[in-house]
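Below: one structure, written as structure tokens.
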Amino acid sequence: MRSEEIQLASRPQGVPNNDNFNFVEINLPSLNSGEVLLKTLYLSVDPYMRGRMREGKSYAAPYELHQPIVGGVISEVMESKSEKLIKGDIVVGFQKWARNQVVHESELQKIDPSLAPISTALGILGMTGLTAYFGLLDIGEPKEGETVVVSGAAGAVGMIVGQIAKIKGARTVGIAGSQDKIDYLVNELKFDEAINYKSEHFKDELASACANGVDVYFENVGGNVSDEVFKHLNVHSRIPVCGAISAYNLQEDIGPRIQTTLIKNRTLMKGFLVGDYAHRASEGILQLAQWLKEGKLTYEETIIEGFENTPEAFIGLFKGTNLGKLLVKVAEPSNH
């Protein structure tokens, strides 16, 4: 059987472009014991993938040139030589950006379509939801009445962070990059305030929104936005560092020295990966699903149709084109 996969053709210099990706036709092997043939339904495109396109040491091995890019994938089992999975099962795992592929059962987790729409396994009930859940609650530890500031607040992780902060009784301030996103955060997600970092009055608006200081800053962006937030940190504030998307396409990122600020305020600033909490994933998924069922959480997805548009969807992450989780829809389930 033939398939098509997307390989890393060259390492991006600055913002990725279409020339960094290559579509390659491949032959799929026949199934061995324990393996399944998958049809891709949804691909996840995520900011962390940009870091893996660089050479050099990071928290995950860099993608190899002229090899397929790997990320979160929801698939349907089309053929099976597995005792755990049968034809028609919907599964999620970290697989290649490909239309079809052969994968061992040990790399896959079965999705229960009755819990929520299957796409949520790559979003609110998957990596992004768990990132928000553990980063905020384990490191941020928001308390009732405290002020929680979230950068990248209209992104897949940020919007969940803000809603969990509200569930915990905190006052929530979101930072995003367009008026539509600001309106969404305030009107739909009930953030107490939301600020456009592109506004010429951003500094003043942030100071006003954080008149009582910042107790928890959930860091997704870095750069000038964070430089401003740091000026408002309270004593014993906490900063879960999830990402720094403003710097992902820069050759170098130079900013203020923050050690004195951290010492003065006895601030905890801790980087984390969702993989650190893999052993507690079921706890997070069950709680997120419960809040979803109770109407305490909502989510947004930006879905780009077509495998051929995957590179364009990925590039769009760095232009802020998405609201919530950005997915590529490759195919419908067979029983749809």
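Remarks
- Karplus-based coupling profile of the stretch 169-184, in residue order and whole Hz: x, 8, 8, 10, 10, x, 10, 9, x, 8, 5, 4, 5, 4, 4, 4, with θ = phi - 60° in 6.51 cos²θ - 1.76 cosθ + 1.60 and x standing for Gly or Pro.
- Take every DSSP beta bridge whose two residues both sit in the chain; close to 55 percent of them are antiparallel.
- Sum of side-chain charges, Lys110 neighbourhood, beta-carbon under 11 Å (Lys, Arg +1; Asp, Glu -1): -2
- Principal axis extents of the C-alpha atoms in the chain (largest first, rounded to whole Å): 62, 44, 34.
- log₁₀ of I(q)/I(0) at q = 0.14, 0.17, 0.22 Å⁻¹ - the stretch 127-276, Debye sum with one point per alpha carbon: -0.59, -0.91, -1.60
- A simple rule links phi to the HN-Hα coupling: the Karplus curve 6.51 cos²θ - 1.76 cosθ + 1.60 with θ = phi - 60°, which for the stretch 196-213 gives 8, 5, 8, 5, 5, 9, 3, 4, 5, 5, 5, 4, 5, 5, 10, 4, 9, x Hz, with x for Gly and Pro.
- Per DSSP, loop GluC sites (Glu not before Pro) in the stretch 240-318 with at most 12 further Cβ within 10 Å: Glu252, Glu294
- Other residues lying with their Cβ under 11 Å from the Cβ of Tyr184 contribute a combined charge of -2, Lys and Arg counting +1, Asp and Glu -1.
- Model label sites at Leu262 and Val24, defined 7 Å from Cα along the beta-carbon direction, differ in position by 4.1 nm.
- Binning the C-alpha pair distances of the stretch 1-139 at 5 Å intervals from 0 yields a P(r) profile of 2, 10, 17, 19, 18, 16, 12, 5, 1, 0 %, listed from the shortest bin outward.
- Across the cross-link table entries Lys198/Lys329; Lys264/Lys319; Lys203/Lys270; Lys110/Lys319; Lys166/Lys231; Lys203/Lys264, which are compared at the Cα atoms, the separations over 29 Å belong to Lys198/Lys329; Lys264/Lys319; Lys110/Lys319.
- Kirkwood-type radius of the stretch 1-70, with distances r between different C-alpha atoms, in Å: 13.9
- Charge tally around Phe272: other residues with Cβ under 11 Å, Lys/Arg +1 each, Asp/Glu -1 each, net -2.
No lab work stands behind these numbers, since they all come straight from the coordinates. Note that the coordinates shown come from a computational prediction; the quantities given were computed from them, not determined experimentally. Virtual Cβ from ideal backbone geometry, glycine too; neighbours counted across all protein chains shown.
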